[in-house]
Amino acid sequence: MSSEELFTAAKAAMERAYAPYSRFPVGAALRCDNGQIHAGCNIENASYPEGWCAETTALGHMVMAGGKRVSEVAVVAEKMPKIMPCGGCRQRLSEFVTADAKLHLCDVNGVIETVSFASVFPRAFDMEPGA
Ligand code: THU
């Protein structure tokens, strides 16, 4: 299963972004350890702090589909090559990622760098450390 497939899902999600305030569309896609892909876009709100990120939408789709563990994440933003998940989304993702989860950094043409999730979010807050 290729990272390109995950990128394609993230990019398609970005096309659905509701970002009339920032004009900064973002798409994210997660691959579960069962192989399923779940994607999401950012969804903004006139009350600015009530909007949320693409990664958060994707996590909601995953949980509702019964997904448990995330083994790969791809994020894309047309205005920012190699966009990184924000700190809040790293914490949300950390709840579900496998120990060896990968993060694919993209531009609009595809994956341009792959890093481990652990390298970008070490020592996450965790109510059950070591569990
Ligand atoms: N955004 C995301 O969707 N994911 C991130 O990881 C960073 C930021 C969104 C939130 C907001 O709608 C827009 O990008 C500008 O901050």
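Antiparallel versus total DSSP beta bridges in the chain: what percent is that, nearest 5? The antiparallel proportion sits near 75 percent. Of the Cα atoms belonging to the chain, the radius of gyration and Dmax stand at 13.7, 41 Å.
When only the Cβ of Lys, Arg, Asp and Glu is charged (+1, +1, -1, -1), the dipole of the chain relative to its Cα centre reaches about 100 debye. Here the Karplus relation 6.51 cos²θ - 1.76 cosθ + 1.60, evaluated at θ = phi - 60°, turns the backbone of segment 91-105 into coupling constants of 4, 5, 5, 4, 5, 10, 6, 6, 4, 10, 4, 10, 10, 9, 9 Hz, with x for every Gly and Pro. Expressed in Å, the radius of gyration and Dmax of the Cα atoms of segment 60-131 are 12.7, 39. Summed over the residues of the chain and divided among them, the accessible surface reaches 55 Å² per residue at a probe radius of 1.4 Å.
Where a Cα-Cα gap under 16 Å defines reach, which lysines qualify for LYS82, not counting those fewer than 8 residues away within the same chain? Partners found: LYS11, LYS102.
Across the accessible surface of the chain, with the other protein chains kept in place and a 1.4 Å probe, carbon and sulfur atoms take up 55 percent. Against the chain, whose longest principal axis comes from its Cα atoms, helix 3-14 is set at around 40 degrees. Helical content of the chain, expressed as a calculated mean residue ellipticity at 222 nm, amounts to -7500 deg cm²/dmol (DSSP H runs of 4 or more residues, -39,500 (n - 2.57) each, divided by residue number, nearest 500). Across the protein chains, with a 1.4 Å probe defining accessible surface, the residues THR98, THR8 rank THR8, THR98 from largest area downward. Evaluated at q = 0.17, 0.19, 0.28 Å⁻¹, a Debye calculation over the C-alpha positions of segment 14-85 (equal weights, vacuum) places log10 I(q)/I(0) at -0.59, -0.71, -1.19. Taking amide H as placed 1.01 Å from N in the peptide plane, the amide H of THR114 sits under 5 Å from that of LEU105, each at least 5 places away or on another chain. For the chain, modelled as a GNM whose springs connect Cα atoms under 10 angstrom apart, the maximal fluctuation among MET64, MET80, MET14 occurs at MET64. For VAL97, the residues 5 or more places off, or on other chains, whose built amide H falls under 5 Å of its own are VAL70.
The values are calculated or read from the model by the stated rules, or taken from the named source; none is laboratory data. Keep in mind that this is a model prediction, so the values were computed, not measured. Using ideal geometry, Cβ is built from the backbone for each residue, glycine included, and neighbour counts are taken over all protein chains shown. We work out accessible area using only protein heavy atoms, side chains counted, and drop any ligands, DNA or RNA first. Shrake-Rupley method; radii C 1.70, N 1.55, O 1.52, S 1.80 Å.
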